[in-house]
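Asks: Mind looking over this structure? Questions follow.
The values are calculated or read from the model by the stated rules, or taken from the named source; none is laboratory data. Only a predicted model underlies this, so the values are computations on that prediction, with no experimental measurement involved. Glycine also receives a Cβ, built like all others from the backbone with ideal geometry; neighbour counts cover every protein chain displayed. Heavy atoms of the whole protein, side chains included, go into the accessibility calculation; ligands, DNA and RNA do not. Shrake-Rupley method; radii C 1.70, N 1.55, O 1.52, S 1.80 Å.
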Amino acid sequence: MFRGLSVSFSFSFSRAPTLSSPLFLHRQPSAIPRRPPVRRKSKPFSSSSTQVRCFSTTPKMGETWNPKPTIPVIEKATKPELFRALESALGSSFSGDPIAPPPNPLIIVISGPSGVGKDAVIGKLRDSRGENLHFVVTATSRPMRPGEVHGKDYYFVSKEEFLNMKERNELLEYALVYGDYKGIPKSQIREFMGRGCDIVLRVDIQGAHTLRKKLKDSAVFIFLVAESETKLVERLIGRKTESKEDLLVRIATAREEVRHVKSFDYVVVNAEGKLDEAVKLVESIIDAEKARVRRKCAAI
Ligand SMILES: Nc1ncnc2c1ncn2[C@@H]1O[C@H](COP(=O)(O)OP(=O)(O)OP(=O)(O)O)[C@@H](O)[C@H]1O
């Protein structure tokens, strides 16, 4: 596309004009190029940095005469003039469309031993990411703990109700954890991914294994750990929600679970008193994963 005012035409000479040459400074009002002048013997092209060679070659016998527009002198031209001249030189106008397509919604699987701080991390993530991130509320047959809210922390259902959901194939994954069922309802994932939200799934190690088999690399798997076994035990004791028998089972299980860290994509240390740092790291992982060029779209 040619825009006469901003583009001038010039042709190959045996001697190239300098930036101060009238050819560069003069804008021809018409888009009709003039014939090049007759070749004369003159000095060879100088390599001086003040000289710019940006001409089409003169046509040879039988060739179509197709002169290329030159770019106006940068110091003298206005931004729009330069813009249009560049468009003309490239033969098409610039597009204002986004260069990168919007990222697909991401599924983030957060797992780790009991008491490591999964709920604490996810709670803060939800605060910082707002509606862009949907935490899938797990259905569970375990009794509600003090302070927990039905529909916010878990969907508390009876064992019978849970098994019906499983029969109807409504769960992406389910497991029997410490005598209670926990499962992820598929409908929530579909609904919120459809709205463009990222999805957070909170599962135990067993659940993470099942999800890895189903989702493969279409989801990001993050493993949370405490800085040491001692700190994990202190945290579990401090929560005061488990009986001594429960504590024993959870701690013994945690010992076994940390061995599975290798099957995750990332490990994040949630150190004592450093919850915010752990959340920040999880956020960085999400940001980086959303900027990935290639990722399979999760099929739920
Ligand atoms: N970085 C931290 N520093 C100190 N205390 C923490 C930290 N992170 C979490 N906690 C506390 O540790 C306890 C266990 O955390 P949380 O309930 O989030 O663990 P969880 O991994 O979700 O456990 P479970 O799988 O058994 O439900 C809670 O009392 C929580 O407030």
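Asks: Using only Cα atoms, locate the centre of region 245-272 and the centre of region 122-157, then give the distance between them in Å, rounded to an integer.
Replies: Value for the Cα centre distance between the two parts: 21 Å.
Asks: Let me ask something else about it. For LYS213 paired with ALA291, estimate the spin-label separation in nm (one decimal), with each label point 7 Å from Cα along the Cα-to-Cβ line.
Replies: Using points 7 Å along Cα→Cβ, the separation is 3.6 nm.
Asks: Within region 201-297, how many Lys pairs sit with Cα atoms under 29 Å apart, leaving out pairs fewer than 8 places apart on the same chain?
Replies: 27
Asks: Probe radius 1.4 Å, ligands and nucleic acids ignored: give me the carbon and sulfur share of the accessible area of region 212-282 as a rounded percent.
Replies: C and S fraction of accessible area: 57 percent.
Asks: For GLU170, what residues show an amide H to amide H distance below 5 Å, using hydrogens built from the backbone and excluding near sequence neighbours?
Replies: The answer is none.
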